[in-house]
Amino acid sequence: MTAPVRKLAAILAADVVGYSKLMGEDQARTLDALRQLRKKLFEPVVDEYRGNVVKRMGDGWIVEFASVSDAVDCALRFQIGLAAHEIIRLRAGIHIGEVVFEDEDVFGEGVNVAARLEELAEPGEVLISDTVHNSLDKKSAAQFNGGDSQDLKNIARPVQIWRWSSSGTQQVLPAERGMLALPDKPSIAVLPFDNMSGDPEQEYFSDGMTEDIITALSRLRWLFVIARNSTFTYKGRAVDIKQVGRELGVRYILEGSVRKAGVRVRVTAQLIEAETGNHIWAERYDRELADIFDLQDELTEAISAQVDAELAGSEREQAHKKPTTDLDAWELYQRGMWHFYKYGKDDFIEARRLFQRALQRSPEFANAHAGLAVIAYNNALLGYAEDRAADLDESLHHAEKAVALDDRDSYNLYALGRIFTNLGDRDRAVSALEKAIRLNPNSATAHHGLAMARYWFGGATESISLHTRAIRLSPYDPQLWAFHFLRSMAYSMLDQLDLAITDAKVAIQEKSDEFLPCLALAVACSLSNNYDEGRAAYRQASALRPELSVAYINSTMSQVHGPYMTKYLDALRAVGLPEE
């Protein structure tokens with residue numbers, strides 16, 4: 001038996017409303033919804049506000065906080081997130097008082113009062129005691145109504161109770177605003193990041209970062225972004241995400257908070273699908289506060305790059321799930337990209353068919369032309385083409401058409417730069433890919449394209465730094481395996497073989513059904529005189545691509561920098577690559 005530990009803490013008690021009834025009606029659906037709630041909303045938000053879950057019940061939690069404001073902010077955040085949920089509603093109570101920790105359980109006045117407040121709460125409500133209310137700053141306290149004194153069961157003194165309800169958030173926004181239809185491409189609103197520091201002077205930092213994220217996302221030509229003047233009308237208000245989505249006519253909402261403590265800053269961000277309230281992505285960034293403008297730039301870049309990747313992934317998944325008969329041009333394109341990222345011959349065929357259908361629906365759809373260009377040059381590069389020259393001609397035609405239709409779209413310039421790379425036209429390849437990065441500095445894809453070109457024409461050192469940047473910008477990218485594979489190749493050319501082996505193994509782990517990472521591992525092991533592992537890696541590559549030979553590789557990558565190709569092929573010969 002452990003000795004009891006006593007301390008003063010803010011305690012949040014929360015439970016699922018009508019849990020037994022929900023379980024009786026549909027147990028599987030309820031348990032699945034509860035699992036999703038814990039994983040995607042409750043636990044990330046508790047972690048964000050530095051809470052400690054000290055007790056879990058089947059339908060509820062007791063959470064300890066060192067800070068009263070953290071406990072309140074946490075409760076309001078998850079209640080807002082659940083406001084539009086189809087199944088789960090929570091009620092919550094918060095009190096600050098002495099608690100006792102003993103034998104993996106928690107007792108005391110703090111727990112008892114919080115639990116009683118939770119029992120009195122309606123679905124979507126947060127009830128706080130007068131002790132908690134008196135501890136909040138004026139802005140936070142003003143969000144609560146009530147203050148009536150009430151006797152609570154088994155509690156010695158009456159408690160003044162203050163209420164906040166997620167249902168009331170809809171009343172905060174102007175009722176006269178009409179509901180806007182969604183535009184014909186993905187749309188997002190970036191709500192003003194909350195300044196949680198309690199320091200009005202930090203307001204400029206949170207506002208400035210919000211504005212910079214809006215600017216960064218506005219560079220994405222495929223995305224409809226609500227202007228700053230519209231989103232800032234919601235500043236300082238508790239909002240219903242679903243209502244905001246309808247009023248602004250957007251599919252996605254990005255919201256977040258900024259908290260400064262001493263020389264450290266914590267920024268949180270979460271991307272939400274407005275219609276359902278589902279959290280697509282959430283992240284927390286803890287940084288030292290040195291140069292505030294450099295920090296603002298760093299965080300803006302990290303958040304906007306991740307939002308770009310997550311939105312694209314969400315669009316691909318949504319398009320993939322819909323019946324093909326219901327798809328418009330944009331959705332056909334996204335479904336094609338879903339197949340492209342599978343990176344197999346059959347998936348390339350299906351992607352090509354979907355891009356062509358998108359162009360039948362919308363002949364001036366530039367990104368669909370770019371998609372066809374990317375498919376065609378990959379067919380030539382990977383040896384899938386029956387007529388390599390014809391595929392390269394097709395790729396160039398579609399890439400030039402894409403840029404002619406929209407020369408401000410980073411992906412279109414990426415496609416053009418990649419085909420010029422394959423054709424061995426260094427100047428035009430580098431020019432197009434550098435412009436792609438200028439158009440969208442946070443595009444991992446554009447950095448990958450330029451890294452490929454630099455390697456292709458003998459610049460392994462520059463390729464490494466560009467791929468490192470791509471990985472930093474999009475650490476969960478569907479092409480992450482390709483980033484690591486190409487960086488492995490560049491490390492091998494520079495004889496940094498331990499790093500080359502590490503990257504090759506990461507690439508294989510990311511995509512075990514692709515032969516190129518296996519060849520990269522075979523090359524790095526061969527150059528480091530580890531021939532046994534090199535032969536094993538080559539056999540794995542050969543099993544995935546039986547036609548491998550010196551002649552086959554020369555036929556697909558003849559334009560690669562001569563000394564690199566010689567070193568590459570000699571290393572593979574040493575572990576078993578045949579000439580024909």
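The numbers here are math on the coordinates, done by the rules we state, and not lab data. Since the model is a prediction, treat every value here as computed from it, not as a measurement. Cβ atoms come from the backbone with ideal geometry, glycine included; neighbour counts cover every protein chain shown.
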Rounded to the nearest 20 Debye, what is the dipole magnitude of region 322-441 about its Cα centre when Lys and Arg each give +1 and Asp and Glu each give -1 at the C-beta?
240
Take the alpha carbon atoms of region 64-102, find their center, do the same for region 124-166, and report the distance between the two centers in whole angstrom.
13
Taking one equal scatterer on every alpha-carbon of region 390-535, how large is log10 of I(q)/I(0) by Debye at q = 0.13, 0.17, 0.18, 0.19 1/Å?
-0.58, -0.92, -1.00, -1.07
Excluding residues fewer than 8 positions from residue 7 in its own chain, the lysines with Cα under 20 Å of it are 55
What is the fewest-to-most order of 341, 414, 377 by other Cβ atoms lying within 10 Å of their Cβ?
341, 377, 414
Can you give the calculated 222 nm mean residue ellipticity of the chain, where each DSSP H run of n ≥ 4 adds -39,500 (n - 2.57) and the sum is split over every residue, rounded to the nearest 500 deg cm²/dmol?
-17000 deg cm²/dmol
Excluding residues on the same chain fewer than 8 positions from residue 242, give the lysines whose Cα lies under 30 Å from its Cα.
21, 39, 40, 138, 139, 185, 260, 321, 322
Counting only DSSP loop positions in region 1-84, the chymotrypsin sites (Phe, Trp or Tyr not before Pro) whose Cβ has at most 16 other Cβ atoms within 10 Å are none
Which loop-located GluC sites (Glu not before Pro) does region 51-116 contain, where loop means any DSSP state but H, G, I, E or B and the Cβ has at most 10 other Cβ atoms within 10 Å?
86, 104
Contour excess over end-to-end distance, with Cα ends at residue 551 and residue 533 and 0.36 nm allotted per residue:
4.1 nm
P(r) tail fraction, region 10-70 - alpha-carbon pairs more than 13 Å apart, %
64
Would you give the gap between the C-alpha center of region 462-497 and the C-alpha center of region 188-227, rounded to a whole Å?
31
Residues of type lysines that residue 435 reaches as a straight line, Cα spacing below 20 Å, ignoring anything fewer than 8 places off in the same chain:
401
Based on the mean of other beta carbon atoms within 10 Å per residue, what is the order of 423-429, 26-32, most packed first?
423-429, 26-32
For the chain, state the semi-axes of the equivalent ellipsoid (square roots of 5 times the eigenvalues of the alpha-carbon gyration tensor), sorted largest first and rounded to whole angstrom.
52, 27, 22
Please give me, ordered by residue number, the GluC sites (Glu not before Pro) of region 201-304 that lie in loop per DSSP and have at most 13 other Cβ atoms within 10 Å.
none
Rg [Å, one decimal], Dmax [Å, integer] - region 5-170, C-alpha atoms:
15.1, 44
